[in-house]
1. Considering 425, 452, which residue is modelled with pLDDT under 95, over 29 Å from residue 539 (Cα atoms) and surrounded by fewer than 16 Cβ atoms within 10 Å (Cβ to Cβ)?
2. Go through 119, 96 for me and flag whichever is within 24 Å of residue 543 (Cβ to Cβ) and touching a strand residue (DSSP E or B) at 6+ places or on another chain (Cβ under 8 Å).
3. For the stretch 33-76, how many residues are modelled with pLDDT of 85 or more, assigned to a helix (DSSP H, G or I) and within 30 Å of residue 101 (Cα to Cα)?
4. Take the stretch 200-212 and flag every residue that is part of a helix (DSSP H, G or I) and surrounded by fewer than 24 Cβ atoms within 10 Å (Cβ to Cβ).
5. The conditions are (1) within 21 Å of residue 350 (Cβ to Cβ); (2) over 21 Å from the mean Cα position of the chain (by Cα); (3) not in a loop (DSSP other than H, G, I, E, B), and residue 514 fails exactly one of them. Which is it?
């Protein structure tokens, strides 16, 4: 019995030892296998990283040499960041500086993107007009473009053509001159007069913030025509909607957007911060407001069956065109909101800036103000209709307006073009340069509008100068060196609306008021002047130039 127990004990120990060794061996094998997998993973990652880095370095090298190979001049780029360190802080100043240094064309690098800047009128005509079909795309990217990316996704190539076809009927000269449009503009202008009267009567003040009032009236026009917001409060001093839009335009150069360009790999992460904490949140709030107004208008149409057919026939406002296309299945909800956003942000600010600069120039040049006022009083007799562009069109008024846009073009660097995706290369005859599919063409408005070659005495205000694109005057040739509304097939769709509402505002204001400069340099409301140019001191936070300070003028009721 004792020997049997001993045998069992020995057997148990042997089994236990064998199991223990198996466990140890399995653990060692598992550790070895895991270690081997980790080593191979690390090695694969290193090899992949090296291959990716080599590919990127090859791409970067080819990219940075694309201008050198064709002897295209330009500022020397940083290997890692291109010309971003000089361009991002002040794109307006950088483009002007490089234009003065390199002339009619040069290349710079927006991070990894080669940008070919063209300042030559013949080359501009070749790209935008003669061969516009070969350059259908815009660059929708970058520090300036990023805030508008979601709203502009539908503006590339075929999608842009389709959207343009849908919206064009709402912006034709015939449509803008119709009674419904004129009534909306007139009502906005009358509200402007009321708002100014209210400010002037308050404590006998005779100095007004012209920039603020022009923003109010142009936003009011857009709200009425594009969103049927007839109860808009944007001309009120504490309008929440106007404040939202103005804040967005002022803050659109969010720091996170600049970081995206320096470190493209962080773009996805930074976009989250942009949407949650940056200007993206404000953009979403504006979008929600427009969505609410559009839904409310759509519901009102459906609630009144008789009115539905009437509106379908008349298409009272721009929103009617977009809703009809949505009902036909040509636009989805996000595209409708996106287009509405573009119309709002692009339509109100540019016209407001143009009007602010025009009124400043009229206050500075009293002789032109008196000439225009005399013509207005002689020909515009109806105090209830400031939109008399069907009955009478003043060439003098148009000359003053277009010369103001030449001298102070609101949009400075938005005219960009890229080759059609089916074309690998294009030979530009006028400059003897090959444009590749990797390049982006940029046409900077300010340097061209101030080029003495095309505009003698470019920093002087002279409405009598030749080649201003006066509407309706067939004897004046279209000038490719005038780009306030772009040129070619992708010119500004809202140009007709801008000139119509601007005429109405200028007519109304000069009929009722005398404008003078605040000439005391010690005053907080004095408009600072750039000593090098004699023009208003400017800043360019995004795509648009702004006065360094809001323009204030002395306003006297006539």
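The values are calculated or read from the model by the stated rules, or taken from the named source; none is laboratory data. Because the structure is a prediction, the values reported are computed rather than measured. In this analysis, Cβ positions are derived from the backbone assuming ideal geometry, glycine residues included, and neighbour counts consider all displayed protein chains.
1. 425
2. Only one candidate passes the filter, namely 119.
3. The total comes to 3.
4. Scanning the stretch 200-212 gives 200, 201, 202, 203, 204, 211, 212.
5. (1)
Every residue, every condition in (1) in a loop (DSSP other than H, G, I, E, B); (2) in contact with a strand residue (DSSP E or B) (Cβ under 8 Å, 6 or more places away or on another chain); (3) closer than 15 Å to residue 123 by Cβ, yes or no:
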{"site": "413", "(1), (2), (3)": "yes, yes, no"}
{"site": "417", "(1), (2), (3)": "no, yes, yes"}
{"site": "460", "(1), (2), (3)": "yes, no, no"}
{"site": "471", "(1), (2), (3)": "yes, no, no"}
